[in-house]
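Quick notes on the structure that follows.
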Amino acid sequence: MLLNKEQYNVAVAGATGAVGRKMLEILEERGFPVGSLKVLASARSAGKTLTFRGSPVTVEELKENSFEGVDIALFSAGSDASRHFGPLAVKSGCIVIDNSSAFRMEENIPLVVPEVNPETIGSDPGIIANPNCSTIQMVVVLKPIHDRFKIKRVVVSTYQSVSGSGQKAIDELEDQTKKLLDGKAVIPNVYPHQIAFNCVPHIDIFLDNGYTKEEMKMVNETRKILGDPSILVSPTTVRVPVFYSHSESVNVETEKPMSAREVQELLSNAVGVQVVDNPEDCEYPLAISATDRDEVFVGRIRDDISCKNAINFWVVSDNLRKGAALNAVQIAEYLVQRARG
Ligand SMILES: NC(=O)c1ccc[n+]([C@@H]2O[C@H](COP(=O)([O-])OP(=O)(O)OC[C@H]3O[C@@H](n4cnc5c(N)ncnc54)[C@H](OP(=O)(O)O)[C@@H]3O)[C@@H](O)[C@H]2O)c1
């Protein structure tokens, strides 16, 4: 349980990665009450220096005793590290907010988006899971629609940026783009195919049902976060040659009658959402405008001309911020607020 304190000892596991670096940036920018900060990564990075609040912080190797005296640990070091070190961190007395998929679907572990279901965090949570990035930005928009009109079915196609696969994928897109423009050959490394100037309908591994693991995360996590196992979700997840921010085309069918106009009004008042929907002036959400922003942007809200009680929209958000680091810090902020009454 988090105690009411003026400042908290914080650890970031995976601090040298794309999400970990963003966590440090967001903790600083939002003035999170950090007393001491430990930045942890693999042995490869031990001794390197990161910056927090203008001062250098030395990276330590993530070890079993890394969490002594730590109140809150933000994990973004991959599922294997979370599975091994997460329970040890909890044993040391700290609360773990985990970005990996290791614990998301475990029954007793809350899967939290603060705008949607913070009430699912019990009084002594141990581990709290941060959902998958493509799911977070979708459920922030689905929640008000579900509350008002009861969602029956969601059909979603994603256009996911390479930063969703971490720093090495950001480097690979940059490298491939430069080489191809220089007329040189490229050899794919992070992805099974060249990602520059391409779209790859394959994120994470394929499962027996023909869907990818990323697609099934969108199905299962959406149901868990919205607390409704009856919601049907039909996803296709695609990696595109964009550096930051995921875009999604979403079709939603509801039980109660709804119109695009009503949804537009509803979403205009939704927490964490910004409606950008002026197609006449070419204004709609874009990956380049969502990057480095906290909000989930939604636009192109229109009635589905092929189906009653259904709408289409386009939703974009920064996957490293709302899709990962910001959501985790918001969970930590919620815990602090709750501890302080
Ligand atoms: N990128 C996203 O948009 C996103 C969104 C939601 C969730 N996530 C999840 O967040 C996690 C990190 O993703 P990322 O994109 O930041 O990846 P990344 O850029 O590849 O960074 C991985 C980080 O984990 C550290 N690490 C790897 N293995 C480790 C080990 N055995 N012990 C200690 N540290 C280890 C790395 O340290 P070194 O630098 O020393 O190798 C690095 O700091 C993953 O679980 C990912 O699924 C990512």
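Within segment 140-178, work out how many residues are within 16 Å of the ligand (Cβ to nearest atom) and either in contact with a Leu (Cβ under 7 Å, 6 or more places away or on another chain) or in a helix (DSSP H, G or I) (or both). Even if it seems obvious, please write down each step before you answer.
At the first step, the residues of segment 140-178 found to be within 16 Å of the ligand (Cβ to nearest atom) are 140, 158-175.
If we keep only those that are either in contact with a Leu (Cβ under 7 Å, 6 or more places away or on another chain) or in a helix (DSSP H, G or I) (or both) as well, we get 140, 162-165, 167-175.
The total comes to 14.
What residue, among those in segment 293-307 that are open to solvent by 30 Å² or more (accessible area, probe 1.4 Å) and in contact (Cβ under 8 Å) with a residue 40 or more places away in the chain, is nearest to ILE26 (Cα to Cα)?
Here the answer is ARG302.
ILE127 versus (1) away from the ligand (no atom under 15 Å from the Cβ); (2) open to solvent by less than 20 Å² (accessible area, probe 1.4 Å); (3) of a type in the set (Val, Ile, Thr): which is the lone unmet condition?
Every listed condition holds for ILE127 apart from (1).
Can you find even one residue in segment 109-124 that is under 15 Å from the mean Cα position of the chain (by Cα), in a strand (DSSP E or B) and either among the hydroxyl-bearing types (Ser, Thr, Tyr) or away from the ligand (no atom under 16 Å from the Cβ) (or both)?
no
Regarding SER134, is this residue polar (S, T, N, Q), more than 18 Å from GLU215 (Cβ to Cβ) and either outside the structural domain of PRO285 (by TED's automatic domain parsing) or crowded, with 24+ Cβ neighbours inside 10 Å (or both)?
Working: polar (S, T, N, Q): yes; more than 18 Å from GLU215 (Cβ to Cβ): no; either outside the structural domain of PRO285 (by TED's automatic domain parsing) or crowded, with 24+ Cβ neighbours inside 10 Å (or both): yes.
It is false that SER134 is polar (S, T, N, Q), more than 18 Å from GLU215 (Cβ to Cβ) and either outside the structural domain of PRO285 (by TED's automatic domain parsing) or crowded, with 24+ Cβ neighbours inside 10 Å (or both).
Can you tell me which residue in segment 228-262 is most open to solvent (accessible area, probe 1.4 Å), limited to those that are under 20 Å from VAL298 (Cα atoms) and either acidic (Asp, Glu) or part of a helix (DSSP H, G or I) (or both)?
ARG261
With the requirement that a residue be part of a loop (DSSP other than H, G, I, E, B) and among the aliphatic types (A, V, I, L, M), what does segment 22-57 give you? Let's see the steps before the verdict.
Kept after step one, since they are part of a loop (DSSP other than H, G, I, E, B), are these residues of segment 22-57: 30-33, 42, 46-48, 53-54.
Residue satisfying the conditions is ALA46 alone.
For ASN312, which of the numbered conditions (1) within 25 Å of ALA11 (Cα to Cα); (2) in contact with a Lys or Arg (Cβ under 7 Å, 6 or more places away or on another chain); (3) more than 16 Å from the ligand (Cβ to nearest atom) fails to hold?
Just one mismatch for ASN312, condition (1).
Residue by residue, here is whether (1) open to solvent by 20 Å² or more (accessible area, probe 1.4 Å); (2) over 19 Å from the mean Cα position of the chain (by Cα); (3) within 10 Å of the ligand (Cβ to nearest atom); (4) not assigned by TED's automatic domain parsing to the domain that holds GLY20 holds:
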| site | (1), (2), (3), (4) |
| --- | --- |
| PRO56 | yes, yes, no, no |
| VAL59 | no, yes, yes, no |
| GLY69 | yes, yes, no, no |
| ALA73 | no, no, no, no |
| SER79 | yes, no, yes, no |
| GLY86 | no, no, no, no |
| VAL90 | yes, yes, no, no |
| VAL96 | no, no, no, no |
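Would it be correct to say that SER289 is open to solvent by 40 Å² or more (accessible area, probe 1.4 Å), polar (S, T, N, Q), within 28 Å of GLN176 (Cα to Cα) and not in a strand (DSSP E or B)?
On the way: open to solvent by 40 Å² or more (accessible area, probe 1.4 Å): yes; polar (S, T, N, Q): yes; within 28 Å of GLN176 (Cα to Cα): yes; not in a strand (DSSP E or B): yes.
Here the answer is yes, as SER289 does meet what is asked.
Can you pull out the residues in segment 166-201 that are small (Gly, Ala, Ser) and open to solvent by less than 40 Å² (accessible area, probe 1.4 Å)? Break it down into steps so the answer makes sense when it comes.
Looking only at segment 166-201, we keep the residues that are small (Gly, Ala, Ser), and these are 166, 169, 183, 185, 196.
Selection gives GLY166, ALA169, ALA196.
The values are calculated or read from the model by the stated rules, or taken from the named source; none is laboratory data. Given the structure is predicted, the values throughout are model-derived calculations rather than measurements. Cβ: placed from backbone, ideal geometry, glycine included. Neighbour counts: every protein chain shown. Ligands, DNA and RNA are stripped out before the accessible areas are found, and what is left, the full protein with its side chains, is counted by its heavy atoms. Shrake-Rupley method; radii C 1.70, N 1.55, O 1.52, S 1.80 Å.
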